[in-house]
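Input: a single structure, listed below in structure tokens.
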Amino acid sequence: MQIRHIAIRRFRGIEDFTWKPRPGVNCLIGPGDTFKSTVLAAISLLLAPYPLGPCSEFDFHRRRLADGFEIEAYIGSLDLAALGTDQRLPHLFGWENGHPVPLPEDGAEAVLRCRVRGTPDLELVYELPIEGTEQAPPFSSALRRKFMLSRLAGEDRASRDLRLGIGSLLDRHLKTSDMRGSVHAAIADATSGMDIPQTSRDALAAITRTFGSAGLPTDLHLGLVPTQGNALVGMVALVSGRTVTEAIPLTHAGSGTKQLALISLSAALLGAAPILVIDEPERGLEPYRQRAVTQQLTELAGHDGQVFLTTHSPTVLSTLPTGSVWRMRQRQEPACFDGAPLTKLLADDPEAFFCPMPILCEGVTEMGFIDELLPAALGTSLDRCGIHPVDGGGQPNVLTVAEAFIQSGMRCAAILDNESRHSGTRLIIEQQITAMVWRNAVNIEDAVCKWLPLDGLFSLLPHAHASSGTAVRYLEDQIFETIPLPDRQGTARDLRTSAYPEAVLRTAFFGAMDRLSWFKSREGGRILARALIAIRMPQQIERQFTDFVARLRPLVS
């Protein structure tokens, strides 16, 4: 079974939401208050496999009970034989090119239209709407059970699903009806064998006399009785220990153990085409287990099933199949990350999709540069600001990534080189995001070689040695070899004292620094920033960086 289209109206924080999820895995990510978990809750409510009681006033958008709420879906990949459904029934539609069409329609897939409504009386109405008529046959719990929905949502589900109760995972494995007689017999035996202290016996005798004088029953005993609203079988739960007398309830185990237990119980019950809803599968799990669970969920979805999840784990995000990650957006349908630049970034640096403000950097040198300078400029750490530097991989890739972020509705900033080949695209991006583009310099190395005093350039050599591991004398050789042959004078050891024009030396420094990767690493960018502070930051660099920080500050404060 697979949801082809879902519409949510006036449910909790959602006023109007539509989405066409894909077969297989669908992972919703996005900033807070974009209602990722609410979408999962809506799917769970629509396909709940057991009767539910009344809804809450908090299920209604802005608590406006009079407006009601609706959750409606078209479900495809149907096993009509298993559902006991005939294509000729009026509540079946066709699905073609992403839209419902009447059946029969050549080439159209048969889909079931289903809906749950919340009424002003706090009742849930499940129905199968028919186009063009107010008639709506019931969407019974018996039919819903055939959709093989399983919802996992952490602690609240563990306390329910790891003990017997109508519709719980343990119930679906053990069959509560088969257990009821055994439980009642065990309770009766426990009651009859209970050792009651003499003081309690005396108190019970006094109560009996009191009841007798009041004309009340006097055949009184102390027995084991479940709390109101709970059946006796609800006392039965999974416990773990060497013996049953030493065992502790699995609901008292760690978060990771409970999460894996729920997933394992669910997986054992699911058929070939399940719909599985799970909120944050990473709870309590180490990264290697997060990867294993994500792979298991992908396998459970198979060809005809569907998994809906949310996550805040970079590990989970990087393990998901291509095209399965969706970004929630305010008042818009979710955007799917299926383009090449974002797909690669999901695998290489998934944290970029969780932070409030990723800064797309031209390369690793720029990443280290802002690692060192930006916290001091903002007066706090990058983590507290929600800033995460991202390696954009140079132009044109970094521009493509920026365009994809913008189209997906995600905020970002950027530090870009001033290359002539992509100036048009770069100008468009500058107009849409906060970007620092070097003025009167091609890149950070060019800026340093143009604006740092000449003696400061020579003072960089020990720092370049710390960054690249190349001895200072070999760095001098690299500079010397960069000077055109007709202009070379003396040896590399004479660079400081020879009569080279300043412009020649600056060009030679830039050629060696840029081409031979003196600072081409993240740590190299940090070393370069610290060196400029120690030598004295050129005003031209400081001015451009200060302007960038001033524009960035309101976005992260």
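What follows is calculated from the coordinates using simple rules that are stated; it is not laboratory data. For clarity, every value in this text was computed on a predicted model and none was experimentally measured. Every residue, glycine as well, gets a Cβ built from its backbone with ideal geometry; the counts of neighbours run over all protein chains shown.
Note that the chain carries a Kirkwood radius of 28.9 Å, evaluated over its alpha carbons pair by pair. Cα axis of helix 364-378 to longest principal axis of the chain: angle in degrees, 0 to 90, nearest 10? Roughly 80 degrees, rounded to the nearest 10.
Positive end of the dipole of the range 408-557 (Cβ unit charges, origin at the Cα centre): among 509, 495, 531, the Cα lying farthest that way belongs to 531. For the range 453-537, the extents of the C-alpha atoms along the principal axes are 36, 23, 17 Å, listed from largest to smallest. The value given for the range 362-420 is a Kirkwood hydrodynamic radius of 12.4 Å, derived from the mean inverse Cα-Cα separation. Spin-label model, residue 496 to residue 196: label points 7 Å out along the Cα-to-beta-carbon direction sit 10.0 nm apart. The calculated FRET efficiency for residue 432 paired with residue 7, based on their beta-carbon distance and R0 = 35 Å, is about 0.70. Were the residues from residue 489 through residue 66 laid out at 0.36 nm apart, the gain over their Cα-Cα distance would be 143.4 nm.
Could you tell me the calculated FRET efficiency between residue 119 and residue 292, based on Cβ-Cβ distance and R0 = 41 angstrom, to the nearest 0.05? Working from the Cβ atoms, E equals 0.40. Each stretch of four or more DSSP H residues adds -39500 (n - 2.57); spread over every residue of the chain, this sum gives -12000 deg cm²/dmol at 222 nm. Counting only alpha carbon atoms, the long axis of helix 502-515 and the longest principal axis of the chain meet at about 30°.
So what is log10(I(q)/I(0)) for the range 410-493 at q = 0.18, 0.21, 0.24, 0.26 1/Å, when the Debye sum runs over its Cα atoms only? Ignoring solvent entirely, the Cα scatterers give -0.89, -1.01, -1.14, -1.23. Give the residue from 264, 378, 275 lying farthest towards the positive end of the charge dipole for the chain; charges sit on Cβ (+1 for Lys and Arg, -1 for Asp and Glu) and the dipole is referred to the Cα centre. Of the options given, the answer is 378.
With a threshold of 30 Å on the Cα-Cα distance, the over-threshold entries among 36/344; 450/520; 344/450; 258/344; 20/258 are 344/450; 258/344; 20/258. Excluding the site residues themselves, the longest part of the chain lacking any GluC sites (Glu not before Pro) in a DSSP loop with at most 14 other Cβ atoms within 10 Å is 247-557.
Hey, what angle do you get for helix 198-213 against the long axis of the chain, alpha-carbon based, 0 to 90 degrees rounded to 10? With both axes taken from Cα atoms, the answer is about 50 degrees.
Between the residues 545, 354, 284, the greatest Cα displacement towards the positive end of the dipole of the chain, with unit charges on the Cβ of Lys, Arg, Asp and Glu, is found for 284.
Ordered by the number of other Cβ atoms lying within 10 Å of each residue's own Cβ, fewest first, 146, 20 fall into the sequence 20, 146.
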